[in-house]
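Asks: I have a structure I would like to understand better, so I am pasting it below and will then ask my questions one at a time.
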Amino acid sequence: MIICAALLIGAYNDLVRDLGLDHIVVMLIMEAARREGVDDVRVKDGGCQCYHAVLKDWSRQITVKFKKDNDQVSPDKPKVNEELLRVLIDRVEKLEASACST
């Protein structure tokens, strides 16, 4: 349950950006945070409701930590990157050939 909550809060800023503050999903998250009295003394509210500022800050922190701990970038080694690109091109060409033959 805690992991699900962390994933949801981690996605909060993306949800607000993609869906807007008036979307039902965002509104439900904000209402749950308000109802539970979500607060964090380290977060300045910047003139908005405290729970919204806290959700935004926690979302940013979770996202930053996830990206730091889960580096998804291929190694900065040209030969490895070239080989990966060759493999991908080969697979795409095989898929295209297979699609054309059916």
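The values are calculated or read from the model by the stated rules, or taken from the named source; none is laboratory data. Computed from a predicted model, the values in this text were never measured in an experiment. FYI the Cβ positions are ideal-geometry reconstructions off the backbone, even for glycines, and counts take in every protein chain you see. Calculation scope for accessible area: heavy atoms of the full protein, side chains included, ligands and nucleic acids excluded. Shrake-Rupley method; radii C 1.70, N 1.55, O 1.52, S 1.80 Å.
Asks: Would you tell me the accessible area of Cys100, worked out with a 1.4 angstrom probe on the heavy atoms of the protein chains, in Å² to the nearest 10?
Replies: 110 Å²
Asks: Let me ask you something else. I'd like to compare 64-71, 9-16: which one has the highest average count of other Cβ atoms within 10 Å, and what's the full order after that?
Replies: My ranking of the peptides, most packed first, is 9-16, 64-71.
Asks: Using a 1.4 angstrom probe on heavy atoms only, work out the carbon and sulfur share of the accessible area of the chain in %.
Replies: 62 percent
Asks: Next question. Leaving ligands, DNA and RNA out of it, work out the accessible area of His23 with a 1.4 Å probe and give it in Å² to the nearest 10.
Replies: Roughly 60 Å² of His23 is accessible to a 1.4 Å probe.
Asks: Just order 85-97, 28-40 by mean Cβ neighbour count inside 10 Å, highest at the front, would you?
Replies: 28-40, 85-97
Asks: Using the Karplus equation 6.51 cos²θ - 1.76 cosθ + 1.60 (θ = phi - 60°), what ³J(HN,Hα) coupling, rounded to whole Hz, does each residue of the range 11-23 give in order, writing x for Gly and Pro?
Replies: Using θ = phi - 60°, the values come out as 8, 4, 4, 5, 4, 4, 5, 7, 9, x, 5, 8, 6 Hz.
Asks: Now, a different point. Under the Karplus relation 6.51 cos²θ - 1.76 cosθ + 1.60, θ = phi - 60°, what is the ordered set of whole-Hz ³J(HN,Hα) values for the range 79-86, x standing for Gly and Pro?
Replies: Per-residue couplings from phi come out as 5, 5, 5, 5, 5, 4, 5, 4 Hz.
Asks: Here is a follow-up. Give the accessible surface of the chain per residue, rounded to a whole number of Å², with probe radius 1.4 Å and ligands, DNA and RNA excluded.
Replies: Computed with neighbouring chains in place, this is 81 Å² per residue.
Asks: Can you work out D for the chain in µm² s⁻¹ from Stokes-Einstein, where Rh is the Kirkwood radius over C-alpha pairs, the temperature is 4 °C and the viscosity is 1.567 mPa s?
Replies: My calculation gives 76 µm²/s for D.
Asks: Let me ask another. In debye, nearest 20, what is the charge dipole magnitude of the chain about its Cα centre with +1 on Lys and Arg Cβ and -1 on Asp and Glu Cβ, if you could check?
Replies: 220 debye
Asks: On to the next question. Just from its helices, what would the mean residue ellipticity at 222 nm be for the chain, if runs of 4 or more DSSP H residues each count -39500 (n - 2.57) and the sum is divided by every residue, rounded to the nearest 500 deg cm²/dmol?
Replies: Result for the chain: -23500 deg cm²/dmol, rounded to the nearest 500.
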